[in-house]
Amino acid sequence: EAGVAQSPRYKIIEKRQSVAFWCNPISGHATLYWYQQILGQGPKLLIQFQNNGVVDDSQLPKDRFSAERLKGVDSTLKIQPAKLEDSAVYLCASSRVGGRGLVNEQFFGPGTRLTVL
Amino acid sequence: KQEVTQIPAALSVPEGENLVLNCSFTDSAIYNLQWFRQDPGKGLTSLLLIQSSQREQTSGRLNASLDKSSGRSTLYIAASQPGDSATYLCAVRTNAGKSTFGDGTTLTVKP
């Protein structure tokens, strides 16, 4: 079974520029998550999709961050414009279902390390 | 709001020692708890998942326990090896479906 794929692995941009990250979840996984992990901290959930609908985006800075999951498979996360404090690793994860009925172990991709100068 | 704490932040042990990592959470109304391992510059690898109705899960040298009433989970690593050196994170999922992570414990196993 192929894992969660993410690209790019690394990105360096200047503040006020825009950037986009891509994620392809494990085949058949209905739930997709984007996390932000700042150095020395645990991942913080930015947005959670179930199929192509948003389940939770309460911690997404909507003035600069946006995410979409067209057709309920791949997803993109965009930052526009970027700030210095956005420097972090952006992790994508997927699980079979996010509800209460089934075991929903999360599987993570390798992440994208973003540096904002 | 769920808060997850992992203490200590860092731990160094000699090879062969048994050790325990701790995870505590403030809201006991959880759906499950998952332990992960993260190597430097890498993503998270799932180690063990405990459903709220379970008390423990085991995989090889790893054993995770869950005590919902006290808001605690422990990850026991037996006969530690240098290859176990990594950051260990716990994530608590609430009944509403949201996961909250601790900041992790960085483990160093010295040969």
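Worth a mention:
- Centre-to-centre, using Cα atoms only, segment B:74-109 and segment A:39-117 are separated by 20 Å.
- Ratio Rg/Rh [Cα only; Rh per Kirkwood] for the protein assembly as shown: 0.97
- By accessible area, using a 1.4 Å probe on protein heavy atoms only, chain A has 51% of its surface on carbon and sulfur.
- Under 5 Å from the amide H of A:Ile47 lie the amide H atoms of A:Trp34, each residue being 5 or more positions distant or on a separate chain, with H modelled from the backbone and absent for Pro and chain starts.
- Sequence-distant residues sharing a close amide H with B:Ala86 (under 5 Å, placed H): B:Leu107
- 3J(HN,Hα) along segment B:53-62: 8, 9, 9, 7, 9, 10, 8, x, 7, 9 Hz, from the Karplus curve 6.51 cos²θ - 1.76 cosθ + 1.60 with θ = phi - 60°, whole Hz, x for Gly and Pro.
- Buried surface for the B/A pair, taken as the accessible area of each chain alone minus that of the pair with a 1.4 Å probe, is close to 1800 Å² in total.
- To put it simply, the accessible area of chain B at a 1.4 Å probe is 48 percent carbon and sulfur.
- For segment A:32-68, a drop of 50 Å² or more in accessible area on going from the chain alone to the assembled protein chains (1.4 Å probe) is found at A:Pro43.
- Segment A:79-87 - phi-based ³J(HN,Hα) in whole Hz, Karplus 6.51/-1.76/1.60, Gly and Pro as x: 10, 7, x, 7, 10, 4, 6, 7, 4
- Label zone of B:Asp39 (point 7 Å out along Cα→Cβ, amide N under 17 Å): in segment B:81-100 this covers B:81-89.
- Here chain B is described by how far its Cα atoms reach on the three principal axes: 43, 27, 20 Å, from widest to narrowest.
- Contact residues in segment B:72-100 (at least 50 Å² less accessible area with all protein chains than alone, 1.4 Å probe): B:Arg93, B:Lys98.
- In angstrom, the C-alpha Rg and Dmax of chain A are 13.6, 44.
- Efficiency of FRET between B:Arg72 and A:Gln59 - r from beta-carbon atoms, R0 30 angstrom, step 0.05: 0.75
- Charge tally in the Cβ shell below 12 Å around A:Gln17, where Lys, Arg are +1 and Asp, Glu are -1, A:Gln17 excluded: +4
- Max mean-square fluctuation residue, GNM over chain B, Cα-Cα springs under 10 Å, options B:Thr94, B:Thr45, B:Thr74: B:Thr45
- In the context of the full set of protein chains, the protein assembly as shown has a per residue accessible area of 48 Å² (1.4 Å probe).
- Here the Karplus relation 6.51 cos²θ - 1.76 cosθ + 1.60, evaluated at θ = phi - 60°, turns the backbone of segment B:89-94 into coupling constants of 10, 10, 10, 10, 9, 7 Hz, with x for every Gly and Pro.
The values are calculated or read from the model by the stated rules, or taken from the named source; none is laboratory data. Predicted model only: the values in this text are computed from it and were never measured. Quick reminder, even Gly has a Cβ in these numbers, built from the backbone with ideal geometry, and neighbours come from all protein chains shown. Keep in mind that these areas ignore ligands, DNA and RNA; they rest on the heavy atoms of the full protein, side chains included. Shrake-Rupley method; radii C 1.70, N 1.55, O 1.52, S 1.80 Å.
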